[in-house]
Structures are given as C-alpha cells and as structure tokens.
C-alpha cells in the first residue's frame, strides 16, 4: 500500500542513482534526502558497471543532453536491467530535436520500470501529435491519458503523467493525484526532482505503487508549502520541510481512482 512504501523508504534509506541534468542536480538531491532516501549523482561511464549494482534504483533525466551523457545513461540503464534494478525514465522535451528524440527512444527500448513526463512528452512519445514547447506542456493531463495507457500496455511499464492533477497507469489500473500548488512550476527543476523521488519509492516497492506514492508525496508537500510561502523562493524552503514532515498515513488524501 502507498503509505507502507513511505514507511519502508524511511526505514531502508535506499541509495538512488540519479543521472539528471545540471539544473536539477542540487534540487533533486535535496528532495530525495528530505523524503528519507539517499541520492547519488554519479554519471561517469567508468564508474557505472561497479556503482549502479549497489543502488536500489536508477533514475535517468535527459534534460541537458550531450553525447557522452547519452552513453552514460544508456550504460547505466543496461546495467540496471541486467541486475533487475528498477529504473525511471524522464524524457524531458524529447521532441525538440532528432538527437534528443533518438536518445529517448533508445532509453525507452531498454525497459524502464516507470516513465514519467508531462502530457506533451507522453503524447508525443506514444507517436501522437502534441503541442509542447520546450520542457513545458501544451497539452492537458486528461488529453494524455489514452496515450499513457497505450504506452503502458505496449511497453509493459508504468506511466506517470504530471500536471495540475497527475495521472498514473500500468495499462490496467489507473489513479489520479490532486493537490500541489501553482508555485511548483515556478521553481526550476522541481518536476525533474520528482523523477528522483519516484526512484526512491521504486527501490522499496512495485512500480505502480511507487509512482503513485511519489506523486502523492509531492502533491501533499506542495499544498502544505504553498500555505506558508510568500513566493517561489520561500516555497522551495517550505517544500523541503513539508516533504520531510509528511507521514505515511497521509498519502492517500491526495489519491482518487
């Protein structure tokens, strides 16, 4: 159950291997720490064969790509898959260039446990026409639900679509998660950090439950932080505090079928 995963996360403090973009590294590390897990921002290809198997989960975010980073992401995903380590793919703005699209497709073919993206990223990854602009979605979460279900069924993974109201599905089951704040998109890389948190939960539970717990934890913390914040700057501080303060039994408050 969702609340049991937060209990397990804080008891086990899983090591989460986060290959993420330059903008997101500090934010993602602080989010994972505040929730109760342990982040590691390791990306050198020379370290992956020995380091990745030590981790409870891997997360891959393609926000700031270069050819060497694609090589590292691909190798880490291969090692995770070979060692049956769950991993999360965040295909940030994969549709803006052929290079980025090719990298996203290559990584998707390596079988992530969870795919997390905004509505436009999920719609276009499913082969449909989306209206995203850079890393920002131009489509609603509701518009992406059918594409998410199709991707989940076709690829055998869990798809999490994030937005004002999140949606998560494994192709059969699905749930929505409400809450959060309008301030959340105004904080750089906060969405990317959710991918890292999803990895922390994936280290201690099944993919669908892990994605749902991470979404609920984020939304609940966002709601609480907004009640105390005066703007985006103070929101960041209150958000980390709120992540740490959320209790296991509170997660279901944000979830509906």
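When residue 225 is tested against the conditions (1) at pLDDT below 95; (2) in contact with a helix residue (DSSP H, G or I) (Cβ under 9 Å, 6 or more places away or on another chain), the lone failure is (1).
The numbered conditions (1) in contact (Cβ under 8 Å) with a residue 40 or more places away in the chain; (2) in contact with a helix residue (DSSP H, G or I) (Cβ under 9 Å, 6 or more places away or on another chain) are all true for residue 49 except (1). Within the range 66-74, can one find any residue that is within 25 Å of residue 225 (Cα to Cα) and modelled with pLDDT of 95 or more? There is no residue in the range 66-74 that is within 25 Å of residue 225 (Cα to Cα) and modelled with pLDDT of 95 or more.
Anything in the range 53-106 that is surrounded by fewer than 18 Cβ atoms within 10 Å (Cβ to Cβ) and at positive phi? List them, or say none. Hit for the range 53-106 is 84, nothing else. When the range 227-257 is limited to residues that are in contact with a strand residue (DSSP E or B) (Cβ under 8 Å, 6 or more places away or on another chain) and not in a helix (DSSP H, G or I), the one that is nearest to residue 214 (Cα to Cα) turns out to be 255. Before we move on, is residue 189 at pLDDT below 95, under 26 Å from residue 231 (Cα atoms), crowded, with 19+ Cβ neighbours inside 10 Å and in contact with a strand residue (DSSP E or B) (Cβ under 8 Å, 6 or more places away or on another chain)? No: the conditions fail for residue 189.
Among the residues of the range 114-160, which ones are in contact with a helix residue (DSSP H, G or I) (Cβ under 7 Å, 6 or more places away or on another chain), at pLDDT 85 or above and over 23 Å from residue 81 (Cα atoms)? Of everything in the range 114-160, those that are in contact with a helix residue (DSSP H, G or I) (Cβ under 7 Å, 6 or more places away or on another chain), at pLDDT 85 or above and over 23 Å from residue 81 (Cα atoms) turn out to be 119, 123, 140, 141, 143, 144, 147. Within the range 228-255, residues that are farther than 13 Å from residue 184 by Cβ reach partners that are part of a loop (DSSP other than H, G, I, E, B) with beta carbons closer than 7 Å, at six or more positions or on different chains, in the pairs 254/178; 254/179. When the range 1-18 is examined, which residues are found to be surrounded by fewer than 24 Cβ atoms within 10 Å (Cβ to Cβ) and outside any helix (DSSP H, G or I)? Matches in the range 1-18: 1, 13, 14, 15. Among the candidates 205, 199, the residue that is in a loop (DSSP other than H, G, I, E, B) and closer than 27 Å to residue 146 by Cα is uniquely 205.
Does residue 166 satisfy being on the phi < 0 side of the Ramachandran plot and modelled with pLDDT of 95 or more? Judged against the criteria, residue 166 is a match. Any residue at all in the range 19-40 that's surrounded by 15 or more Cβ atoms within 10 Å (Cβ to Cβ) and farther than 23 Å from residue 221 by Cβ? Yes, that holds for at least one residue.
The values are calculated or read from the model by the stated rules, or taken from the named source; none is laboratory data. Source: prediction; values computed, not measured. Cβ: placed from backbone, ideal geometry, glycine included. Neighbour counts: every protein chain shown.
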